[in-house]
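Engineer: I'd like to ask you about the structure that follows.
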Amino acid sequence: MTRIRFAAALALALGFAAATTTPAFAQMVPKDGYLCCNLRLNGTWASDSNAPRSGDRVLKPGTKVIGLAYGASQLDVEIEGEKMTIGNDYSRGVSMTTFADRWIAPKDPTPALKTWTPRIQQAVKAGRITNGMNRKQVLMSVGWPTATNTPNLDDPVWTYTASNGSNYKVVFNEAWLVKAIDADQATKGAVLLP
């Protein structure tokens with residue numbers, strides 16, 4: 001009888017210890033909301049690099065998102081009735097709740113899009129950049145730069161990855177408007193709105 005009580009107490013203690021070592025983010029559920037920006041999917045996986053690849057499906061800003069779960073380096077979500085994952089592949093220094101807040105906006109961002117100039121609307125809808133865009137417009141168009149490429153969002157240069165695997169830099173002026181894209185000609189052609 002004593003062995004049984006001891007075994008039960010040990011099992012209870014081990015179960016409690018395991019429960020208390022579960023990371024806090026794994027016990028939380030990401031908030032529901034809307035995609036902040038164009039998000040490129042490869043199957044049901046979207047990397048935070050958000051680099052365009054041939055055959056990718058693009059989900060538009062304002063698409064409804066239902067938060068399902070946090071993983072150690074991913075968000076499990078439901079979008080358009082389908083389970084998908086947004087992978088924190090290159091921003092591991094960012095907490096998962098901050099990561100979720102970046103990609104899942106609490107309010108639909110598309111009403112702001114409708115107030116922008118036709119050229120900026122065209123760039124965002126195409127997932128491209130044009131001179132004169134502000135930071136919010138760049139984010140809606142191409143997503144968040146990864147923390148690996150752009151550790152400080154207050155820097156006037158944000159680095160992204162293009163479809164050809166090359167990095168390109170979005171250079172902002174003092175008013176935080178795009179003044180240039182620093183990249184080779186092929187990459188500029190893939191990134192800039194003609």
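The values are calculated or read from the model by the stated rules, or taken from the named source; none is laboratory data. Fair warning: this is a prediction, and the values are worked out from it, not measured in the lab. All Cβ positions, even for glycine, are placed from backbone atoms using ideal geometry, and neighbour counts span all protein chains on display. Surface areas here come from the heavy atoms of the whole protein model, side chains and all, with no ligands, DNA or RNA. Shrake-Rupley method; radii C 1.70, N 1.55, O 1.52, S 1.80 Å.
Engineer: Separation of the stretch 137-167 and the stretch 71-87 by C-alpha centroid, Å?
Structural biologist: 21 Å
Engineer: Tell me which DSSP H helices of the chain clear both cut-offs, 24 Å or more of axial length from alpha-carbon atoms and a mean Kyte-Doolittle hydropathy of at least -0.5.
Structural biologist: Qualifying helices, which must be both long enough and hydrophobic enough, are 2-20.
Engineer: Let me ask something else. If I take every Cα pair under 8 Å that is 6 or more residues apart in the chain, average their sequence separation and divide by the length, what percent do I get for the relative contact order? Could you put the intermediate results ahead of the total?
Structural biologist: On the way: 353 pairs, mean separation 37.2, N = 194.
Relative contact order comes out at 19 percent.
Engineer: If you don't mind, another one. How far apart, in nm, are two points set 7 Å out from the Cα along the Cα-to-Cβ line at D108 and at M28?
Structural biologist: Result for the modelled spin labels: 2.7 nm.
Engineer: I would also like to ask the following. I need the calculated FRET efficiency for the pair T117 and V171, taking r as the beta carbon distance and R₀ as 22 Å, to the nearest 0.05. Present the calculation step by step, with values, prior to reporting the outcome.
Structural biologist: Values: r = 20 Å, r/R0 = 0.91.
For R0 = 22 Å, the calculated efficiency reads 0.65.
Engineer: Here's another thing I want to ask about it. Of the accessible area of the chain, with the probe set at 1.4 angstrom, what percent is carbon plus sulfur?
Structural biologist: So the carbon and sulfur contribution to the accessible surface is 57 percent.
Engineer: Related question: With an 8 Å cut-off on Cα pairs and a minimum separation of 6 or more residues, tell me the relative contact order of the stretch 40-142 in percent.
Structural biologist: 21 percent
Engineer: Using only the Cα atoms of the chain, what semi-axes does the equivalent ellipsoid have when each is the square root of 5 times a gyration tensor eigenvalue? Give whole Å, largest first.
Structural biologist: 40, 17, 15
Engineer: Before I look further, what does the chain give for accessible area per residue, probe 1.4 Å, in whole square angstrom?
Structural biologist: On a per-residue basis, 53 Å².
Engineer: May I pose another question? Starting from 0.36 nm per residue, how many nanometres of slack lie between D101 and E78 once their C-alpha separation is accounted for?
Structural biologist: 6.7 nm
Engineer: Right, next: Please give the length that would be gained between A126 and K64 if that part of the chain were fully extended, namely 0.36 nm times their separation in residues minus their C-alpha to C-alpha distance (nm, one decimal).
Structural biologist: That works out to 20.4 nm of additional length.
Engineer: Sticking with this structure for a sec: Residue separation times 0.36 nm, minus the C-alpha to C-alpha distance between R92 and K136: what's the value?
Structural biologist: Full extension of this stretch gives 13.6 nm more.
Engineer: For I181, what accessible area in Å² do you get when you roll a 1.4 Å probe over the heavy atoms of the protein chains, rounding to the nearest 10?
Structural biologist: Its heavy atoms expose roughly 10 Å² to the probe.
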